[in-house]
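The values are calculated or read from the model by the stated rules, or taken from the named source; none is laboratory data. Just so we're clear, the structure is a prediction, and the values are computed from it rather than from any experiment. Cβ atoms come from the backbone with ideal geometry, glycine included; neighbour counts cover every protein chain shown.
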Amino acid sequence: MLLALPIVFACNNSSKDSVEKADSANEAKSDTGNRYNDTSNQSNASGTIAVEQSTADFMVKVADVGMTEVKLGGIAQKKAMNKRVKDFGEMMTRDHTKAGDELKSLARRKNVTLPDSIGSDHRNKIDNLEKKNGKDFDRAYIDMMVDGHQSTVNDFEKASNNTKDPDVKAWVDKTLPTLRAHLDSAKAIQKAIKH
């Protein structure tokens, strides 16, 4: 269901969002590297990415999710009624900004293009959440944080096991405990505000 939009518009560059543009740029760099039979793990003058395509895809996805977490955290700080939800939003803004900055630095070293804005799928979720108020907002935000962090923790665990790039693996392994703590905190808040 979520992949239908990118497939429909794949040939029309003007309708692509920043996530699709980043993926396309990385695929082009990967294709260039494959044509030249480049097997090094470092960025080179021909502009190829210095990681496997699956790792570049992961980095793009994480950048999109991270920007979304920062945006949602800011909204939660303004709209949440529950202090724990507000504080969680503040933590999301702080921690995901830091992780995003580290990811940008890593991506530059690996010649991976990251999106420069939130993708349309996440933008729609943000727009829907912004329409909610009060306790409905608090519940919807925390439900989104539990679901999102569970998915992100799973993605990071897979990346930790599958990426062949030692720098990316080190960043993933350093970031994963924070994401697990976010998930645990979101679950605790979710349980507390359900009553």
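Regarding residue 185, is this residue within 22 Å of residue 19 (Cα to Cα) and among the hydroxyl-bearing types (Ser, Thr, Tyr)?
Working: within 22 Å of residue 19 (Cα to Cα): no; among the hydroxyl-bearing types (Ser, Thr, Tyr): yes.
So residue 185 fails the test.
Taking the numbered list (1) charged (D, E, K, R); (2) modelled with pLDDT under 75; (3) surrounded by 19 or more Cβ atoms within 10 Å (Cβ to Cβ) in turn, residue 17 passes all entries but (2).
Please tell me if residue 97 is touching a helix residue (DSSP H, G or I) at 6+ places or on another chain (Cβ under 6 Å) and under 19 Å from residue 156 (Cβ atoms). Considered against the rule, which asks whether it is touching a helix residue (DSSP H, G or I) at 6+ places or on another chain (Cβ under 6 Å) and under 19 Å from residue 156 (Cβ atoms), residue 97 comes out as yes.
Considering the range 93-130, and only residues there that are touching a Leu at 6+ places or on another chain (Cβ under 7 Å) and charged (D, E, K, R), the residue that is farthest from residue 177 (Cα to Cα) turns out to be 121.
Of the residues contained in the range 158-172, none is found to be without any contact (Cβ under 8 Å) to a residue 40 or more places away in the chain and either in contact with a Cys (Cβ under 8 Å, 6 or more places away or on another chain) or acidic (Asp, Glu) (or both). Within the range 139-151, the residues that satisfy the criterion of being without any contact (Cβ under 8 Å) to a residue 60 or more places away in the chain and either more than 15 Å from the chain's Cα centre (by Cα) or at positive phi (or both) are 139, 140, 142, 143. Here residue 156 does not fit the description of being touching a Lys or Arg at 6+ places or on another chain (Cβ under 8 Å) and of a type in the set (Phe, Trp, Tyr).
From the list 181, 186, 159, 192, exactly one residue is hydrophobic (A, V, I, L, M, F, W, C) and under 15 Å from residue 61 (Cβ atoms). Which is it?
Working: 181 fails: under 15 Å from residue 61 (Cβ atoms); 186 fails: under 15 Å from residue 61 (Cβ atoms); 192 fails: under 15 Å from residue 61 (Cβ atoms).
The match here is 159.
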